[in-house]
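Written below as structure tokens is the structure these notes are about.
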Amino acid sequence: MTTLIQQTSVNGVTTLTINRPDKLNALSPELFVELKAILLRLQEPGFPVRGVILTGSGEKAFIAGADIAAMQQMSPEEGERFAAQGQEITALLEALPIPVIACVNGYALGGGCELAMACDFIYCTERAQFGQPEVSLGLTPCFGGCVRLSRFVGAGRARELIYTGRRIDAGEALRIGLVNRVFSDADAMLAAARDILLQCKSQSPVAISLCKHTINASYGRTTDEALEVEKNAFRRTFESADKQEGVQAFVEKRPAVFPGR
Ligand code: COA
């Protein structure tokens, strides 16, 4: 039983709640160890989960960043190991073959914004605040902020936000494309996220995992290389029982029931 992360599962949707509200859910090395173990379990073939929600406990924060107190005494080597730990978590989130939605209620700063951006997309409440404030601490983003923020909002906006450390509210986050939707409160946000994941659940799991892989693999590749990945993913659907069922169901004018393989 973990303590820093709560895990609940309903109808194949797992909600992971970072649970360190007294420190605004700041990311410590110990928290990363727990989160890694959970993400590895979710990746096991046959694990009965079709979607993940990542959120934070309490009213104030999703995650207020990497644990600043823990970083105070770190040597450069320990700092590098901490960055590697966080990057391993973001890589695991991206590699999950199922949709992952970050649900942000309150602060998503530094590592919080970075973990949210490693999810497939972000929902937030009206009280959410986003930012990469590392430069105000003499630090740099290290869990993917310099890399992923520009994918969401474009290089110019990412540079401006990172160089100034400025915090933005939910309205600006929506306008610049960092978040997909803004909700009046956390309950409405979580209900909508569950609803979207249930909609995904009725689609082909094989096709969704291949789409996720293709989208993520397209970064850093030339257009031709990325299109090769896409073509290969399409080919792989022809090897799946899901494609057999999906196409047959269309022809027979009935809803598809995907076997997920
Ligand atoms: N690391 C470690 N502890 C943190 C933290 C972080 N990133 N963010 C908040 N906390 C702790 C505070 O130290 C405080 O602990 P304490 O009660 O033991 O003193 C507790 O969480 C509450 O935070 P507090 O600052 O009192 O809340 P606030 O409402 O006044 O301010 C923030 C909220 C988010 C504006 C402020 O906490 C903040 O700026 N946090 C750091 C954000 C940041 O720079 N993140 C990137 C790190 S690289």
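The values are calculated or read from the model by the stated rules, or taken from the named source; none is laboratory data. Since we're looking at a predicted model, the values are computed, not measured. Every residue, glycine among them, receives a Cβ derived from its backbone with ideal geometry; neighbour counts consider all protein chains shown.
From the list A69, A108, which one is within 12 Å of the ligand (Cβ to nearest atom) and either part of a helix (DSSP H, G or I) or among the basic types (K, R) (or both)?
Going through A69, A108 in turn, just one is within 12 Å of the ligand (Cβ to nearest atom) and either part of a helix (DSSP H, G or I) or among the basic types (K, R) (or both): A69.
Against the conditions (1) within 15 Å of the ligand (Cβ to nearest atom); (2) over 20 Å from T14 (Cβ atoms); (3) crowded, with 23+ Cβ neighbours inside 10 Å; (4) not β-branched (V, I, T), where does A116 fall short? Just the number, please.
Result: A116 fails condition (2) only.
Step by step: first the residues of the stretch 131-141, then only those that are in contact with a strand residue (DSSP E or B) (Cβ under 8 Å, 6 or more places away or on another chain) and not in a helix (DSSP H, G or I), then the one that is surrounded by the most Cβ atoms within 10 Å (Cβ to Cβ). Which residue is that?
Filtering the stretch 131-141 for residues that are in contact with a strand residue (DSSP E or B) (Cβ under 8 Å, 6 or more places away or on another chain) and not in a helix (DSSP H, G or I), the one surrounded by the most Cβ atoms within 10 Å (Cβ to Cβ) comes out as Q132.
This table checks each residue for (1) near the ligand (Cβ under 8 Å from one of its atoms); (2) in a helix (DSSP H, G or I); (3) surrounded by 13 or more Cβ atoms within 10 Å (Cβ to Cβ).
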| residue | (1), (2), (3) |
| --- | --- |
| M74 | no, no, yes |
| E77 | no, yes, no |
| A83 | no, yes, yes |
| C103 | no, no, yes |
| G112 | yes, yes, yes |
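Those residues that are in contact (Cβ under 8 Å) with a residue 24 or more places away in the chain and among the small types (G, A, S), I need them from the stretch 189-198; list them, please.
Within the stretch 189-198, A192, A193 qualify.
Can you spot a residue in the stretch 191-206 that is over 30 Å from I63 (Cβ atoms), at pLDDT below 95 and surrounded by fewer than 13 Cβ atoms within 10 Å (Cβ to Cβ)?
The answer is yes, given that some residue of the stretch 191-206 is over 30 Å from I63 (Cβ atoms), at pLDDT below 95 and surrounded by fewer than 13 Cβ atoms within 10 Å (Cβ to Cβ).
Could you tell me which numbered condition I89 fails, if it satisfies all but one of (1) buried (at least 21 other Cβ atoms within 10 Å of the Cβ); (2) over 15 Å from the mean Cα position of the chain (by Cα)?
Condition (2) is where I89 drops out.
Looking at I208 and the list (1) touching a residue at least 60 places away in the same chain (Cβ under 8 Å); (2) under 15 Å from C113 (Cα atoms); (3) among the β-branched types (V, I, T); (4) part of a helix (DSSP H, G or I), which single condition is not satisfied?
Exception for I208: condition (2).
Is there a residue in the stretch 88-96 that is in contact (Cβ under 8 Å) with a residue 12 or more places away in the chain and within 10 Å of the ligand (Cβ to nearest atom)?
For the stretch 88-96, residues in contact (Cβ under 8 Å) with a residue 12 or more places away in the chain and within 10 Å of the ligand (Cβ to nearest atom): absent.
Would you pick out the residues in the stretch 121-154 that are aliphatic (A, V, I, L, M), closer than 26 Å to R194 by Cβ and within 16 Å of the ligand (Cβ to nearest atom)?
A128
Condition first: assigned to a strand (DSSP E or B) and of a type outside the set (D, E). Now tell me which residues in the stretch 142-200 satisfy that.
I168, R181, V182, F183
Look through the stretch 216-261, keep the residues that are of a type in the set (A, V, I, L, M) and surrounded by 15 or more Cβ atoms within 10 Å (Cβ to Cβ), and return whichever of them is nearest to P48 (Cα to Cα).
Across the stretch 216-261, the extreme among qualifying residues is A256.
Are there any pairs with C-beta distances below 7 angstrom linking a residue in the stretch 150-179 that is farther than 20 Å from T125 by Cα and free of Cβ contacts under 8 Å to residues at least 24 places away in the same chain to a residue that is surrounded by 13 or more Cβ atoms within 10 Å (Cβ to Cβ) and among the aliphatic types (A, V, I, L, M), with the two at least 6 apart or on different chains, and if so which?
Final answer for the pair search is S150/A158; R157/I176; A158/L149.
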